[in-house]
Amino acid sequence: MLTRTKLTKLCEISGSALAIIYAVAIASNTGREVLGFALLLISATLFAIWALADRRWAFLLLQGFYIGSAVLGLVRWA
(Lines give C-alpha, C1' and ligand atoms only; values in the text may rest on other atoms or scores of the structure.)
Protein backbone atom coordinates (compact mmCIF):
# COMPACT_ATOMS: atom_id res chain seq x y z
CA MET A 1 0.00 0.00 0.00
CA LEU A 2 1.21 3.49 -0.86
CA THR A 3 1.24 5.65 2.25
CA ARG A 4 1.06 9.45 2.13
CA THR A 5 4.75 9.71 3.00
CA LYS A 6 5.75 7.30 0.25
CA LEU A 7 3.48 9.07 -2.25
CA THR A 8 4.96 12.48 -1.50
CA LYS A 9 8.52 11.11 -1.66
CA LEU A 10 7.80 9.41 -5.00
CA CYS A 11 6.28 12.60 -6.43
CA GLU A 12 9.12 14.73 -5.06
CA ILE A 13 11.94 12.60 -6.46
CA SER A 14 10.41 11.71 -9.83
CA GLY A 15 9.03 15.23 -10.34
CA SER A 16 12.45 16.73 -9.62
CA ALA A 17 14.27 14.33 -11.94
CA LEU A 18 11.84 15.03 -14.77
CA ALA A 19 12.10 18.78 -14.17
CA ILE A 20 15.88 18.60 -14.59
CA ILE A 21 15.54 16.64 -17.83
CA TYR A 22 12.86 18.98 -19.22
CA ALA A 23 14.98 22.05 -18.43
CA VAL A 24 17.94 20.57 -20.29
CA ALA A 25 15.72 19.54 -23.22
CA ILE A 26 14.35 23.08 -23.59
CA ALA A 27 17.64 24.89 -22.96
CA SER A 28 19.69 22.69 -25.29
CA ASN A 29 17.97 24.18 -28.37
CA THR A 30 18.27 20.85 -30.17
CA GLY A 31 14.69 20.38 -31.33
CA ARG A 32 13.53 18.55 -28.20
CA GLU A 33 10.97 21.17 -27.20
CA VAL A 34 7.95 18.85 -27.45
CA LEU A 35 9.70 16.29 -25.24
CA GLY A 36 10.62 19.06 -22.81
CA PHE A 37 7.08 20.38 -22.52
CA ALA A 38 5.71 16.85 -22.14
CA LEU A 39 8.15 16.25 -19.28
CA LEU A 40 7.17 19.60 -17.75
CA LEU A 41 3.52 18.50 -17.83
CA ILE A 42 4.31 15.21 -16.10
CA SER A 43 6.64 16.85 -13.57
CA ALA A 44 4.14 19.57 -12.67
CA THR A 45 1.37 16.99 -12.32
CA LEU A 46 3.52 14.96 -9.91
CA PHE A 47 4.30 18.11 -7.94
CA ALA A 48 0.57 18.97 -7.89
CA ILE A 49 -0.20 15.55 -6.40
CA TRP A 50 2.47 16.20 -3.77
CA ALA A 51 0.99 19.63 -3.05
CA LEU A 52 -2.50 18.15 -2.64
CA ALA A 53 -1.23 15.39 -0.35
CA ASP A 54 0.59 17.92 1.86
CA ARG A 55 -2.10 20.61 1.56
CA ARG A 56 0.37 23.15 0.19
CA TRP A 57 -2.05 25.43 -1.61
CA ALA A 58 0.40 28.06 -2.88
CA PHE A 59 2.61 25.31 -4.29
CA LEU A 60 -0.45 23.75 -5.93
CA LEU A 61 -1.30 27.09 -7.54
CA LEU A 62 2.25 27.34 -8.90
CA GLN A 63 1.97 23.84 -10.38
CA GLY A 64 -1.29 24.86 -12.03
CA PHE A 65 0.63 27.65 -13.75
CA TYR A 66 3.34 25.20 -14.86
CA ILE A 67 0.73 22.75 -16.16
CA GLY A 68 -0.82 25.57 -18.18
CA SER A 69 2.61 26.55 -19.50
CA ALA A 70 3.30 22.96 -20.51
CA VAL A 71 -0.01 22.68 -22.36
CA LEU A 72 0.66 25.99 -24.12
CA GLY A 73 4.16 24.82 -25.09
CA LEU A 74 2.82 21.53 -26.43
CA VAL A 75 0.16 23.32 -28.48
CA ARG A 76 2.63 25.83 -29.90
CA TRP A 77 5.46 23.38 -30.66
CA ALA A 78 3.59 20.21 -31.64
Rounded to the angstrom and largest first, Cα extents along the principal axes for region 1-42 equal 40, 13, 10
One finds, for residue 13 and residue 76 with R0 = 25 angstrom and r their Cβ-Cβ distance, a FRET efficiency to the nearest 0.05 of 0.25
With no solvent term and unit scatterers on the alpha-carbon positions of the chain, Debye gives log₁₀ I(q)/I(0) at q = 0.13, 0.22 Å⁻¹ of -0.39, -0.92
Largest-first ranking of 34, 24 by accessible area, probe 1.4 Å, whole protein assembly kept, is 24, 34
Between the Cα axis of helix 33-54 and the main Cα principal axis of the chain, the angle (0 to 90°, nearest 10) is 10 degrees
The percentage of the accessible area of the chain (probe 1.4 Å, all protein chains present) made up of carbon and sulfur atoms, to the nearest whole number, is 70 percent
Residue-normalised value, i.e. accessible area per residue, for the chain at 1.4 Å probe, in Å², stands at 67 Å²
Ranking 59, 25, 43 by how far each Cα lies towards the positive end of the charge dipole of the chain (+1 on Lys and Arg Cβ, -1 on Asp and Glu Cβ), the top one is 59
Burial-style ranking of 37-44, 54-61, average other-beta-carbon count within 10 Å with highest first, yields 37-44, 54-61
Rounded to the nearest 500, the 222 nm mean residue ellipticity computed for the chain from DSSP H runs (n ≥ 4, each -39500 (n - 2.57)) alone is -30000 deg cm²/dmol
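The values are calculated or read from the model by the stated rules, or taken from the named source; none is laboratory data. Only a predicted model underlies this, so the values are computations on that prediction, with no experimental measurement involved. Virtual Cβ from ideal backbone geometry, glycine too; neighbours counted across all protein chains shown. Ligands, DNA and RNA are excluded from the accessible area calculation, which covers all protein heavy atoms including side chains. Shrake-Rupley method; radii C 1.70, N 1.55, O 1.52, S 1.80 Å.
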